[in-house]
Amino acid sequence: MLEAKGINKTIKNNKVLSDIHLKLESGKVYGFVGRNGSGKTMLFRALSGLMKIDSGEIIYKNKRLHKDFPVLPNLGITLENAGLYPEFTGLKNLQLLAKLKKKIDDQQIKTSIERVGLDPNDKRPYRRYSLGMKQRIVIAQAIMEQPDVIMLDEPTNSLDEDGVKLIRKVIREEKLRGAMILLASHNKEDIELLAVHVFSFDQGRIVNEVVHHE
């Protein structure tokens, strides 16, 4: 269970999160919709621990974020500016990231790359990847360590039709594995096909909730 209790955040006099209350469970996909700047990405940054909140509490498995741990443990996340090294291959980039936690081996990294439709033996550096390939490798990074919580910000952006279908398949597989998945997308079909619970955002507030039956 991941819970947000009345969280607020102001940046440069702009209220980016306002009194957010959430209760999220494992094995479910939660959709977050709203215009650019409505607060979806800020919410992901807050819930992950990448951004501190001004007030309220974020509780994960009965422990408090920023008190019991600095960032959400066992998290996979995609955000803009993934921070990958442009001169290295996709495989090399993920190998470097995997060394931080030392949880997975090279074969598991290669399997994650294959799951998103890329060749782990591709010798091209990341800077020569197409936008769609960059999107795929970032998703491979988010899923490779079999995280308990996965936050995906516009995961089907820049993907062709086959890529979109493949990434949706990966999301379903991760849900069946038991991961809690938070999905922000402008693609209405992503949300309709994948999310059981949809939160609509506007000006940092949740303005609507819709629950779909699985």
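The values are calculated or read from the model by the stated rules, or taken from the named source; none is laboratory data. Every value quoted in this text rests on a predicted model; they were computed, and no experiment measured them. Using ideal geometry, Cβ is built from the backbone for each residue, glycine included, and neighbour counts are taken over all protein chains shown. Calculation scope for accessible area: heavy atoms of the full protein, side chains included, ligands and nucleic acids excluded. Shrake-Rupley method; radii C 1.70, N 1.55, O 1.52, S 1.80 Å.
Can you find a residue that is surrounded by 12 or more Cβ atoms within 10 Å (Cβ to Cβ), closer than 19 Å to residue 7 by Cβ, under 19 Å from the mean Cα position of the chain (by Cα) and in contact (Cβ under 8 Å) with a residue 12 or more places away in the chain anywhere in region 78-96?
Yes, because at least one residue in region 78-96 is surrounded by 12 or more Cβ atoms within 10 Å (Cβ to Cβ), closer than 19 Å to residue 7 by Cβ, under 19 Å from the mean Cα position of the chain (by Cα) and in contact (Cβ under 8 Å) with a residue 12 or more places away in the chain.
Residue 20 - would you say it is closer than 11 Å to residue 205 by Cα and not hydroxyl-bearing (Ser, Thr, Tyr)?
Yes: the conditions hold for residue 20.
Is it the case, given these coordinates, that residue 35 is of a type outside the set (Ser, Thr, Tyr), in a loop (DSSP other than H, G, I, E, B) and in contact (Cβ under 8 Å) with a residue 12 or more places away in the chain?
Answer is yes for this residue.
Find the strands (runs of 3 or more DSSP E) located wholly in region 121-214 whose residues include 2 or more that are closer than 25 Å to residue 85 by Cβ, and list them.
Where strands (runs of 3 or more DSSP E) fall fully within region 121-214 and carry at least 2 residues being closer than 25 Å to residue 85 by Cβ, they are 149-153.
Step by step: first the residues of region 97-120, then only those that are assigned to a loop (DSSP other than H, G, I, E, B) and open to solvent by 60 Å² or more (accessible area, probe 1.4 Å), then the one that is farthest from residue 162 (Cα to Cα). Which residue is that?
Result: 102.
Would you tally the residues in region 24-76 being under 18 Å from residue 12 (Cα atoms) and surrounded by 15 or more Cβ atoms within 10 Å (Cβ to Cβ)?
Result for region 24-76: 11.
If residue 12 passes every condition in (1) more than 23 Å from residue 141 (Cα to Cα); (2) in contact (Cβ under 8 Å) with a residue 12 or more places away in the chain but one, which one does it miss?
(2)
Just to be sure, is residue 161 out of contact with any Cys (no Cβ under 7 Å at 6 or more places or on another chain) and without any contact (Cβ under 8 Å) to a residue 12 or more places away in the chain?
yes
Of everything in region 135-154, what is closer than 22 Å to residue 88 by Cβ and open to solvent by less than 20 Å² (accessible area, probe 1.4 Å)? Give them in sequence order.
137, 138, 139, 140, 142, 143, 144
Just to be sure, is residue 131 within 19 Å of residue 155 (Cα to Cα), modelled with pLDDT under 95 and open to solvent by 60 Å² or more (accessible area, probe 1.4 Å)?
Taking the combined requirement at face value, the residue satisfies it.
If you check 150, 139, 104, 109, which single one turns out to be touching a residue at least 12 places away in the same chain (Cβ under 8 Å) and in contact with a Gly (Cβ under 7 Å, 6 or more places away or on another chain)?
Of 150, 139, 104, 109, the one residue that is touching a residue at least 12 places away in the same chain (Cβ under 8 Å) and in contact with a Gly (Cβ under 7 Å, 6 or more places away or on another chain) is 150.
Would you tally the residues in region 170-198 being within 24 Å of residue 105 (Cβ to Cβ) and open to solvent by 70 Å² or more (accessible area, probe 1.4 Å)?
Number satisfying all stated conditions: 2.
I need the full set of residues from region 79-123 which are among the basic types (Lys, Arg) and at pLDDT 95 or above, in order please.
Those that are among the basic types (Lys, Arg) and at pLDDT 95 or above: 92, 110, 115, 123.
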